[in-house]
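Heads up, the thing below is written out as structure tokens.
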Amino acid sequence: MDKQLNGAQIVLQSLQDHGVEHIFGYPGGAVLPIYDEIFQQESIEHILVRHEQGATHAAEGYARSTGKCGVVLVTSGPGATNAVTGLTDALMDSIPMVCITGQVPTHLIGGDAFQEADTVGITRPCTKHNYLVKDINDLARIMHEAFQVATTGRPGPVVVDIPKDIQFALGPYMKPKAVKHKSYQPQLKGDMAAIKQAVELIANAKKPIFYTGGGIINSGPQASQLLREFVKLTGFPITSTLMGLGSYPSADKQWLGMLGMHGTYEANWAMHDCDVMINIGARFDDRITGTLDKFAPNSKKIHVDIDPSSINKNVMVDVAIVGDCAHVLEDMLRVYKSDAVTPDKKALASWWEEIEGWRDRKCLAYKKDAKAIKPQYAVERLYELTKDADTYITTEVGQHQMWAAQYYRFEDPNRWMTSGGLGTMGYGIPAAVGVQVAHPKSLVIDIAGEASVQMTMQEISTAVQYRLPIKIFILNNEYMGMVRQWQELLHGGRYSSSYSEALPDFVKLAEAYGATGIRAETAAELDDAIKRMIDTPGPVIFDCIVTKDENCFPMIPSGAAHNEMLLADSEGLDIEVSDAGKALV
Amino acid sequence: MSAENQIERHTLSVLVDNEAGVLARVIGLFSGRGYNIDSLTVAEVDDQEHMSRITIVTLGTPPMIEQIKAQLGRLVPVHRVVDLTVECESVERELALVKVAGKGDARVEALRMSEAFRARVVDATPDSFVFEITGNTEKIDAFIGLMKPLGLREVSRTGAAAISRGPEAM
Ligand SMILES: Cc1ncc(C[n+]2csc(CCOP(=O)(O)OP(=O)(O)O)c2C)c(N)n1
Ligand SMILES: [Mg+2]
């Protein structure tokens, strides 16, 4: 006979059995039995956030920087609805997360009880899967399944909604076994015939490019290693999406930088002109492709993705390989080596010559300012002064996020946490909290915007409480800069509601929270101020006053193609954006 | 128009765990991603394994149908998805209950037509019939069309149930 535990104990026991060390949460009536169990044990540390959205982003930061599953615990009703943004964010960016929500007792469900919400109904479209536990006998199995579903295949968030009576009820507990789920069995190994076909395309490529994404990071460090080996072996150029930064070292000369809407000139032109595109773990997102009918028009496309629904969703490909990036890369490498493939050296040399021509355009160059701090300069200096430390970067959403992606340089995976798919302002501070919990000794910096940080600023209090020395580096341009930029380009410079009016004094705000505030207003004082930030043992809010009207370039305007990029020194800004383009986001 | 963007009608058969919310997942997927549902039929088909079979008739271009299949396959409780329109020979049946009210010649004509269509009378009053008819969707459409001028009052249809021909199971 299995051991009998109550529901709350089953939850805690299963968390322990899945190796959970930290959970991010916020209490309330419908989860009190679970909180009571947390109180009575020591192996799992609970991090009390200040808003349930913060718990979800913290869990995302924790997951993305460790490769482990992030765990969230919130109460019913408003606790669950507050978690919806982070669940959606995790779904879009394929982040493994288990979110436990309290629910009103079973017999009250459906009666509009106090703090009742149809949590499984609300979260059905924003989770990979969800469960309402109606029988204590199912709880242990569901907890184990939740971890399996969240962490395997294409990772994602899973909600387990547990009514309060179930948390008190007695039931059996059995250990997680390698139970084979009846219907859920993601495919890890790629089809060998397709892999051989891919290698043949690669072998005959004249203008190849690797286009990689977050799938490499999700697959684990081994995928990055294999990718590096393969890229080196072929001598091909490589670019990556926002989500994939760090899977290939940016210091390497085969690295072209990020591609897409704010990607580099060389990466986007190489994508446009390539004859063989090797997409590994990316999903042809609209930020990447630009207008589809002009996307890499003369290319054969290989697509490796663990999610079969990503294949041919936006872009039709020539060779589709469903499988885990590391597994497929391993097989590809093996075939490549055993076929003794030698790339067409001559073709490759002239391809690189073309690429160097684009690189010479120096698309990330910007006009320096002797006195004021340019936002690009601020990120460059931040990079120079932190690159030798054990650094993790999170961001908010906006221009600063793109400047961080362009000017901060990543050599390793799991060092870069950003909200890509959903573009959630307010992601950065709680994500930094989560990263710092996982890496207490590391330097964790949120490259932020003054508007975004105000969405989840309260999490600085969490950082103070748990002595998490996160650094919030605000590129304060007094605008919702990215909105202002689009208004400048597309709406005649009518800056409707995009000025950051009535800003708090961030230095005083930091002090009010018990953190340290630092401000830099001139280029001359920037380095010293950054050094002070790094040397401060506790959390810091750094108010970096930057030039206000800077635009983020390069840029592919909506509705345009990769070879129609705007550069900082493009003549004026009177670009033609089609009406169809204007309607895009 | 190329075959790529020709709208086609496909019948998908989806084997799922019969658990709470599974139908909501399937329907939510269709509405959330803007796919069409022409008809949808669901019932438990294996009470030992608690499996249900959902038959969905949908409209879309071939790439859209492929995408629908892949999205359905991604749902955790979904065991299998088969496109009965392209992957095998199949039979498709729908049941309809058709109420027709009328007197005199119209009533006689309705009854005569029902015999031609092998519909059954399952309810009769001096001035109405309820016919039960099974067949493929076109046959039922045709029958209902014929009943319109003969006093058609209301229709209840099940939507299509479909299965592959031959000895193989999905
Ligand atoms: C929650 C949320 N609301 C609205 C938006 C739309 N949005 C995208 S960027 C942006 C402005 C961000 O301003 P700030 O944080 O100051 O960053 P900046 O662009 O100035 O660097 C807005 C409002 C969003 N991405 N997320
Ligand atoms: Mg700003």
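The values are calculated or read from the model by the stated rules, or taken from the named source; none is laboratory data. Just so it is clear, the model here is predicted, and its values are computed rather than measured. Ideal geometry is used to build each Cβ from the backbone, glycine not excepted, and the neighbour counts take in all protein chains shown.
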**Complete:** Picked from region A:389-405 (must be more than 8 Å from ligand 1 (Cβ to nearest atom) and among the small types (Gly, Ala, Ser)), the residue farthest from the other protein chains (Cβ to nearest Cβ) is A:389
**Prompt:** Only one residue in A:65, A:76 is more than 13 Å from residue A:434 (Cβ to Cβ) and in contact (Cβ under 8 Å) with a residue 12 or more places away in the chain, so which one is that?
**Reply:** A:76
**Prompt:** Which is modelled with pLDDT of 95 or more and either more than 19 Å from the chain's Cα centre (by Cα) or not aliphatic (A, V, I, L, M) (or both), of B:8, B:4, B:19?
**Reply:** B:8
**Prompt:** Out of (1) under 21 Å from residue A:7 (Cβ atoms); (2) crowded, with 16+ Cβ neighbours inside 10 Å, what's the single condition that is false for residue A:191?
**Reply:** (1)
**Prompt:** Can you name the number of the only condition in (1) within 14 Å of chain B (Cβ to nearest Cβ); (2) without any contact (Cβ under 8 Å) to a residue 60 or more places away in the chain; (3) crowded, with 23+ Cβ neighbours inside 10 Å that residue A:317 fails?
**Reply:** (3)
**Request:** Can you give me the ranges of the helices (runs of 4 or more DSSP H) entirely in region A:382-475 with at least 1 residues that are within 13 Å of ligand 2 (Cβ to nearest atom), touching a strand residue (DSSP E or B) at 6+ places or on another chain (Cβ under 8 Å) and farther than 21 Å from residue A:244 by Cβ?
**Result:** A:453-456
**Message:** When the residues of region A:35-48 are narrowed to those that are among the β-branched types (Val, Ile, Thr) and under 14 Å from residue A:70 (Cα atoms), which ends up surrounded by the most Cβ atoms within 10 Å (Cβ to Cβ)?
**Reply:** A:47
**Residue count for region A:147-194, restricted to those that are within 14 Å of chain B (Cβ to nearest Cβ) and among the acidic types (Asp, Glu)** = 1
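Residues checked against (1) on the phi < 0 side of the Ramachandran plot; (2) within 14 Å of chain B (Cβ to nearest Cβ); (3) touching a strand residue (DSSP E or B) at 6+ places or on another chain (Cβ under 6 Å):
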{"site": "A:222", "(1), (2), (3)": "yes, no, no"}
{"site": "A:228", "(1), (2), (3)": "yes, no, no"}
{"site": "A:234", "(1), (2), (3)": "yes, no, no"}
{"site": "A:238", "(1), (2), (3)": "yes, no, yes"}
{"site": "A:257", "(1), (2), (3)": "no, no, no"}
{"site": "A:285", "(1), (2), (3)": "yes, no, no"}
{"site": "A:299", "(1), (2), (3)": "yes, no, yes"}
{"site": "A:307", "(1), (2), (3)": "yes, yes, no"}
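Residues are listed down the side, and each one gets a yes or a no for (1) under 21 Å from residue A:387 (Cα atoms); (2) among the hydrophobic types (A, V, I, L, M, F, W, C); (3) more than 20 Å from the chain's Cα centre (by Cα):
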| position | (1), (2), (3) |
| --- | --- |
| A:227 | no, yes, no |
| A:232 | no, no, yes |
| A:240 | yes, no, no |
| A:245 | yes, yes, no |
| A:249 | yes, no, no |
| A:254 | yes, no, yes |
| A:262 | no, no, no |
**Request:** From (1) under 26 Å from residue A:555 (Cα atoms); (2) within 16 Å of ligand 2 (Cβ to nearest atom); (3) of a type in the set (D, E, K, R), pick out the condition that doesn't hold for residue A:519.
**Result:** (1)
**Message:** Which of the numbered conditions does residue A:141 fail, given that it passes all the others? Conditions: (1) within 10 Å of chain B (Cβ to nearest Cβ); (2) part of a helix (DSSP H, G or I); (3) not aliphatic (A, V, I, L, M).
**Reply:** (1)
**Request:** Give the residue that is nearest to residue B:63 (Cα to Cα), with candidates limited to residues of region B:18-37 that are aliphatic (A, V, I, L, M), assigned to a helix (DSSP H, G or I) and at the interface with chain A (Cβ under 9 Å from one of its Cβ atoms).
**Result:** B:29
**Item:** Single residue of region A:439-498 satisfying the filter (under 17 Å from residue A:50 (Cα atoms) and hydroxyl-bearing (Ser, Thr, Tyr)) that is surrounded by the fewest Cβ atoms within 10 Å (Cβ to Cβ)
**Value:** A:466
**Request:** State all residues of region A:263-298 that are over 24 Å from residue A:580 (Cα atoms), among the acidic types (Asp, Glu) and not in a helix (DSSP H, G or I); if no residue qualifies, say none.
**Result:** A:275
**Asked** Is there a residue being more than 14 Å from chain B (Cβ to nearest Cβ), within 22 Å of residue A:415 (Cβ to Cβ) and more than 11 Å from ligand 1 (Cβ to nearest atom) anywhere in region A:472-487?
**Response** yes
**Message:** Suppose we filter region A:476-496 for residues that are farther than 22 Å from residue A:534 by Cβ and within 16 Å of ligand 2 (Cβ to nearest atom); how many remain?
**Reply:** 14
**Prompt:** In region A:499-517, what count of residues is obtained for those that are within 19 Å of residue A:542 (Cα to Cα), touching a strand residue (DSSP E or B) at 6+ places or on another chain (Cβ under 7 Å) and surrounded by 13 or more Cβ atoms within 10 Å (Cβ to Cβ)?
**Reply:** 9
**Residues satisfying the stated conditions in region A:459-504, i.e. closer than 19 Å to residue A:521 by Cβ, out of contact with any Pro (no Cβ under 8 Å at 6 or more places or on another chain) and β-branched (Val, Ile, Thr)** = A:474
**Members of region B:1-16 that are surrounded by 18 or more Cβ atoms within 10 Å (Cβ to Cβ) and either away from chain A (no Cβ under 12 Å) or acidic (Asp, Glu) (or both)** = B:10, B:11, B:12, B:13
**Request:** Specify which of the listed residues (A:48, A:132, A:139) is touching a strand residue (DSSP E or B) at 6+ places or on another chain (Cβ under 8 Å) and farther than 14 Å from residue A:160 by Cα.
**Result:** A:48
**Asked** Could you list, in sequence order, the residues of region A:114-138 that are in a helix (DSSP H, G or I) and not hydrophobic (A, V, I, L, M, F, W, C)?
**Response** A:119, A:121, A:123, A:124, A:125, A:137, A:138
